[in-house]
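Reading through the structure tokens given below for one structure.
The values are calculated or read from the model by the stated rules, or taken from the named source; none is laboratory data. This one's a predicted model, so the numbers in the text were calculated from it and none came from an experiment. Here Cβ is always computed from backbone atoms with ideal geometry, including for glycine, and neighbour counts include all displayed protein chains. All accessible areas refer to the heavy atoms of the entire protein, side chains included, with ligands and DNA or RNA removed. Shrake-Rupley method; radii C 1.70, N 1.55, O 1.52, S 1.80 Å.
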Amino acid sequence: MKPTYLKKLKNFLFLIMVISFIGCSDDDDDMNVIPDPDPVDPPVTVSKSKEYDLNAVAVPDISGKATFIEYSDNTFVIELELSNTPAGGQHPAHIHYNSAAEGGDVALTLGTVDGTTGKSSITVTALNDGTNVGYDDLVAFDGYINVHLSSDDLATIVAQGDIGENELTGASKSYDLSEKAVPGLSGMVTFYERLNGEALSVIELNNTPEGGIHPAHIHTGNALEGGGIAVSLNPVDGTSGMSKTSISQLDDGSSVSYNDLLEFNGYINVHLSAEELSTIVAQGDIGGNELSGTEMMYMLDEKDVAGISGMVHFYERNNGETLAKLELMNTPAGGVHPAHIHNNSAIEGGGIAVSLTSVDGTTGMSYTNIAALDDGSAINYDGLMDFDGYINVHLSPENLAVIVAQGDIGQNELTGASIMYELGEKDVAGISGMATFYERKSGEALAMLSLMNTPAGGIHPAHIHNNSASEGGGIAFTFNPVDGDNGMSYTHVAQLDDGTAFGFDDIETFDGYINVHLSASNLATIVAQGNIGSNLNDDGGGDGEGVTYAVGNTGATAYIFTGGDLNNESNPDFTFKRGQTYVFNVNAPGHPFLIKTTETLGTGDSYNDGVTNNGAATDTITFTVPMDAPDTLFYICEFHSEMAGTINIVD
């Protein structure tokens, strides 16, 4: 028994070894794995999301957002979340075709918003017509969302917002819509860029009548010239003052983008009603006609009609053209005053270059768009700023010879720089004055001769001569004669009589002098004379004895002195000697020149001992310094503290 048992045991152990050997020879990867009886799916996460604003419409406080969400398991959910919805309310919601401004049919029914929570959620796989749709399709969709008050009142929209390609990029441009025929009615238009490059136009007007319907259009051209309708906008609702229009093309079918509108040469008209289109309630230029912010103003001085004067403003447009605005004071009500830009300076005169819109006498205003000269030559804003011209405004079409206002423009504008020279008394007692040369932008000059005590009706020839007055010399330049009635002469200076160029900078170094004669038939009698340029008298100077000064002004900031060793000095200090006489030929309209004991405004503390004509603005002031004069006096403008200086008195 025992051997048999051992034999069986031996065979059994051998079998176990064989099985173990076979098992160990297999690859470990072929080992059997027992399945997990309770597997866990990977977590679902948000892959993509996009939010769109839902703005309040019929109910001011209800607004919110729509969120499009794509999850990692490829499910697509649209969630709506609104604030201030009424508890218990049920608010149907839909995605519509087109933009909200255009309107369109329902494309997709969304989850109804629960008024208590303000929320809804729906998983989306297809549009209502069965077309499969996913996240990427709807974020590029031409559509918008409406949320309604209830299923029984779908006409009332409580919240609304564009989606997809109709979403606004954030770029926008606003233009003013100014009041026209109805006082107080004005506002603005704003163009918003969409992702698809199209534009949303929003008009917002103030003070429109409740219940009114106001047609609105974009026109070609500018508001001053007028033009045909280019784009019909949705009418402005008088109750809200609002109009919204999606713009992708002109009325003729031509495509137009947001960027095109910003360069479009057009303007907007908003009308009183469909029956009264001729009544414009608001208007404004847009696009290329918008004003750039660059502008230039020139004065238009009184001429043949006392009291009429003003200014012209040139405004640059984005397209390079110009809006010209004339503003005159004291024009007669009902008057119509033709106006033109002429060639050359006003002193020289010249033909008409640009015909401007006539000035309305009732308002004193005129507006003109300038893109070309009357001969058809193109001219832009920069061209006008450099134009050799001047403006005349006439009394009426029947009386063009009467100029009511006039002013130089462009390169004839005065820079503010000037040089003054004294013209002393000569053969006729009491006649004296000054010559002032004003620099023009062109580098040329305007010469003004101003004499006192010229005989009424007199005509006094005047010239610049070569050399100094003590040497004498031939005529180098001929001025316009001095008018004896007002003692004035104005002449444009660009060249000498022999044709040699002669500008403002040349005057200061010119070896010359000025003679003013009694008359053309009596040139031998010199009524006033003075050295100029390099011959300017250098006797005495700022602390000289018996010096005569020509006194002008630069605005309200400085008196300008020429005489002695001063040449166009601003607000200098002086040293005067007791017992000496000093003469100030003042030509500073609006700036009375006072010698005072204190540097204060007004006429108080005026020092009148030895002073003749103290406080004159356009006359001669003589100061013979008393022997008991204080050591310090002041000169100052009666009205402007910047126009002042010190007079030191010495023995």
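If I go through the stretch 433-445 residue by residue, how many of them are open to solvent by 20 Å² or more (accessible area, probe 1.4 Å) and either assigned to a strand (DSSP E or B) or of a type outside the set (Lys, Arg) (or both)?
Matching residues across the stretch 433-445 total 5.
Please work out which residue is nearest to Glu425 (Cα to Cα), limiting yourself to the stretch 601-623 and to residues that are of a type in the set (Val, Ile, Thr) and open to solvent by less than 60 Å² (accessible area, probe 1.4 Å).
Thr620
Just give me the residues in the stretch 190-216 being within 17 Å of Pro235 (Cβ to Cβ), of a type in the set (Gly, Ala, Ser) and surrounded by fewer than 21 Cβ atoms within 10 Å (Cβ to Cβ), in sequence order.
The answer is Gly211, Gly212.
Please determine, by comparing only the residues of the stretch 266-302 that are under 21 Å from the mean Cα position of the chain (by Cα) and open to solvent by 70 Å² or more (accessible area, probe 1.4 Å), which one is farthest from Gly211 (Cα to Cα).
Met299
Tell me which of these Asp251 doesn't satisfy, since it passes every other one: (1) touching a residue at least 24 places away in the same chain (Cβ under 8 Å); (2) loosely packed, with under 15 Cβ neighbours inside 10 Å.
All conditions are met except number (1).
Tell me yes or no: at least one residue of the stretch 417-427 is under 20 Å from Tyr298 (Cα atoms) and either among the hydrophobic types (A, V, I, L, M, F, W, C) or modelled with pLDDT of 95 or more (or both). Walk me through how you get there before you give the answer.
Filtering the stretch 417-427 down to residues under 20 Å from Tyr298 (Cα atoms) leaves 417-418.
If we keep only those that are either among the hydrophobic types (A, V, I, L, M, F, W, C) or modelled with pLDDT of 95 or more (or both) as well, we get 417.
Looking through the stretch 417-427, at least one residue is under 20 Å from Tyr298 (Cα atoms) and either among the hydrophobic types (A, V, I, L, M, F, W, C) or modelled with pLDDT of 95 or more (or both).
Is there any pair with a first residue in the stretch 423-434 that is without any contact (Cβ under 8 Å) to a residue 24 or more places away in the chain and a second that is assigned to a strand (DSSP E or B) and open to solvent by 20 Å² or more (accessible area, probe 1.4 Å) whose Cβ atoms are under 8 Å apart and which are 6 or more apart or on different chains, and what are they?
Gly430/Met452
Out of the residues in the stretch 306-356 meeting the condition of being among the β-branched types (Val, Ile, Thr) and under 24 Å from the mean Cα position of the chain (by Cα), tell me which one is nearest to Asp388 (Cα to Cα).
The extreme case among them is Ile341.
Among the residues that make up the stretch 96-117, is at least one of them open to solvent by 50 Å² or more (accessible area, probe 1.4 Å), in a strand (DSSP E or B) and polar (S, T, N, Q)?
yes
Among the listed residues Ala282, Ala274, Ala346, which satisfies the condition of being over 27 Å from Leu177 (Cα atoms) and among the hydrophobic types (A, V, I, L, M, F, W, C)?
Values: Ala282 fails: over 27 Å from Leu177 (Cα atoms); Ala274 fails: over 27 Å from Leu177 (Cα atoms).
Sole residue among the options that is over 27 Å from Leu177 (Cα atoms) and among the hydrophobic types (A, V, I, L, M, F, W, C): Ala346.
Please work out if Gly579 is open to solvent by 10 Å² or more (accessible area, probe 1.4 Å), in contact (Cβ under 8 Å) with a residue 12 or more places away in the chain and not in a strand (DSSP E or B).
yes
Can you find a residue that is in contact with an Asp or Glu (Cβ under 6 Å, 6 or more places away or on another chain), at pLDDT 95 or above, open to solvent by less than 50 Å² (accessible area, probe 1.4 Å) and among the aliphatic types (A, V, I, L, M) anywhere in the stretch 633-644?
Looking through the stretch 633-644, at least one residue is in contact with an Asp or Glu (Cβ under 6 Å, 6 or more places away or on another chain), at pLDDT 95 or above, open to solvent by less than 50 Å² (accessible area, probe 1.4 Å) and among the aliphatic types (A, V, I, L, M).
Pick from the stretch 343-357 the residues that are touching a residue at least 24 places away in the same chain (Cβ under 8 Å) and under 20 Å from Glu439 (Cα atoms): which of them is least open to solvent (accessible area, probe 1.4 Å)?
Ser345
State all residues of the stretch 493-538 that are assigned to a loop (DSSP other than H, G, I, E, B) and either modelled with pLDDT under 95 or polar (S, T, N, Q) (or both); if no residue qualifies, say none. Lay out the reasoning, then the answer.
Here is the first cut: in the stretch 493-538, the residues assigned to a loop (DSSP other than H, G, I, E, B) are 494, 496-500, 502-503, 508-510, 520-521, 534-538.
Hits for the stretch 493-538 are Thr500, Glu508, Thr509, Ser521, Ser534, Asn535, Leu536, Asn537, Asp538.
Please specify each residue of the stretch 451-464 satisfying the condition of being part of a strand (DSSP E or B) and crowded, with 21+ Cβ neighbours inside 10 Å. Outline the logic, then answer.
Let us first name the residues in the stretch 451-464 that are part of a strand (DSSP E or B), namely 451-452, 459-460, 462-464.
The answer is Leu451, His460, Ala462, Ile464.
Given the structure, is Asp628 in contact with a Ser or Thr (Cβ under 6 Å, 6 or more places away or on another chain), of a type in the set (Asp, Glu) and either open to solvent by 30 Å² or more (accessible area, probe 1.4 Å) or at pLDDT 95 or above (or both)?
no
Identify the residue in the stretch 554-576 that is at positive phi and modelled with pLDDT under 90 and, among all such residues, is surrounded by the fewest Cβ atoms within 10 Å (Cβ to Cβ).
Gly555
Take the stretch 140-166 and flag every residue that is under 19 Å from Leu82 (Cα atoms) and either among the charged types (D, E, K, R) or outside any strand (DSSP E or B) (or both).
Selection gives Ser151, Asp153, Asp162.
Would you point out the residue of the stretch 119-143, among those that are among the charged types (D, E, K, R) and within 13 Å of Ile69 (Cα to Cα), that is surrounded by the most Cβ atoms within 10 Å (Cβ to Cβ)?
Across the stretch 119-143, the extreme among qualifying residues is Asp137.
Starting from residues that are under 25 Å from the mean Cα position of the chain (by Cα) and among the β-branched types (Val, Ile, Thr), keep the ones in the stretch 394-415 and report whichever is modelled with the lowest pLDDT.
Thr415
Exactly one of (1) open to solvent by 60 Å² or more (accessible area, probe 1.4 Å); (2) under 27 Å from Ile203 (Cβ atoms); (3) of a type outside the set (Phe, Trp, Tyr) is unmet by Thr156. Its number?
Condition not satisfied by Thr156: (1).
For (1) over 25 Å from the mean Cα position of the chain (by Cα); (2) open to solvent by 60 Å² or more (accessible area, probe 1.4 Å); (3) among the aromatic types (Phe, Trp, Tyr), each residue gets a yes or a no:
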| position | (1), (2), (3) |
| --- | --- |
| Gln160 | yes, no, no |
| Thr169 | yes, yes, no |
| Asp176 | no, yes, no |
| Leu185 | no, no, no |
| Met188 | no, yes, no |
| Ala230 | yes, no, no |
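For the stretch 44-58, enumerate the residues that are open to solvent by 40 Å² or more (accessible area, probe 1.4 Å), within 38 Å of the chain's Cα centre (by Cα) and of a type in the set (A, V, I, L, M, F, W, C).
The answer is Ala56, Val57.
For Asp61, state whether it is modelled with pLDDT of 95 or more, open to solvent by 60 Å² or more (accessible area, probe 1.4 Å), closer than 27 Å to Thr245 by Cα and not in a strand (DSSP E or B). I'd like the intermediate steps shown before the answer.
Numbers: modelled with pLDDT of 95 or more: no; open to solvent by 60 Å² or more (accessible area, probe 1.4 Å): yes; closer than 27 Å to Thr245 by Cα: yes; not in a strand (DSSP E or B): yes.
Taking the combined requirement at face value, the residue does not satisfy it.
So, in the stretch 582-600, of the ones that are assigned to a strand (DSSP E or B) and touching a Leu at 6+ places or on another chain (Cβ under 9 Å), which residue ends up surrounded by the fewest Cβ atoms within 10 Å (Cβ to Cβ)?
Filtering the stretch 582-600 for residues that are assigned to a strand (DSSP E or B) and touching a Leu at 6+ places or on another chain (Cβ under 9 Å), the one surrounded by the fewest Cβ atoms within 10 Å (Cβ to Cβ) comes out as Ile595.
Quick one: is Glu471 assigned to a strand (DSSP E or B) and open to solvent by 40 Å² or more (accessible area, probe 1.4 Å)?
On the way: assigned to a strand (DSSP E or B): no; open to solvent by 40 Å² or more (accessible area, probe 1.4 Å): yes.
Criteria not met by Glu471.
Quick check on this structure: which one of Asp73, Asp105, Asp137, Asp152 is without any contact (Cβ under 8 Å) to a residue 12 or more places away in the chain and within 30 Å of Asp41 (Cβ to Cβ)? Full working, then the answer.
Values: Asp73 fails: without any contact (Cβ under 8 Å) to a residue 12 or more places away in the chain; Asp105 fails: within 30 Å of Asp41 (Cβ to Cβ); Asp152 fails: within 30 Å of Asp41 (Cβ to Cβ).
Within the list Asp73, Asp105, Asp137, Asp152, the selection yields Asp137.
Quick one: is Ala550 surrounded by fewer than 22 Cβ atoms within 10 Å (Cβ to Cβ) and either at pLDDT below 95 or more than 21 Å from Tyr438 (Cβ to Cβ) (or both)? First the steps, then the outcome.
Numbers: surrounded by fewer than 22 Cβ atoms within 10 Å (Cβ to Cβ): no; either at pLDDT below 95 or more than 21 Å from Tyr438 (Cβ to Cβ) (or both): yes.
The answer is no for Ala550.
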